[in-house]
1. Does region 18-39 include one or more residues that are part of a helix (DSSP H, G or I) and modelled with pLDDT under 95?
2. Show the residue pairs meeting these rules: Cβ distance below 9 Å; 6+ apart or different chains; first residue within region 53-81 and on the phi > 0 side of the Ramachandran plot; second residue at pLDDT below 75 and part of a loop (DSSP other than H, G, I, E, B).
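The values are calculated or read from the model by the stated rules, or taken from the named source; none is laboratory data. Values in this document were obtained by computation on a predicted structure and should not be read as measured data. Please note: Cβ atoms are built from the backbone with ideal geometry, for glycine as well, and neighbour counts cover all protein chains shown.
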Amino acid sequence: MSSARNEIAEGLRYLHFRADANTNKLLEVVSSLHAAIDLLKKRGLLDVEELDELKKEATNNLVAEFFSARYGCDLSRVRAG
């Protein structure tokens, strides 16, 4: 294999490793959050419907922030073929 091809392969392996690590951490956070929500709900300290409304607001705010900060890839500038 050529040197450039080796570098690309190593880069792709690294990206896969990082994506896997990020997914594992995300699953850990989400499971902890669900457990906390369940506990608060069982103790009568949390109104799930109110939480859902606040979650919608937070989602809208985060999406707006994401796009205004120009995170991610702007695929509108990519030409096909």
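1. no
2. From region 53-81, no pairs qualify.
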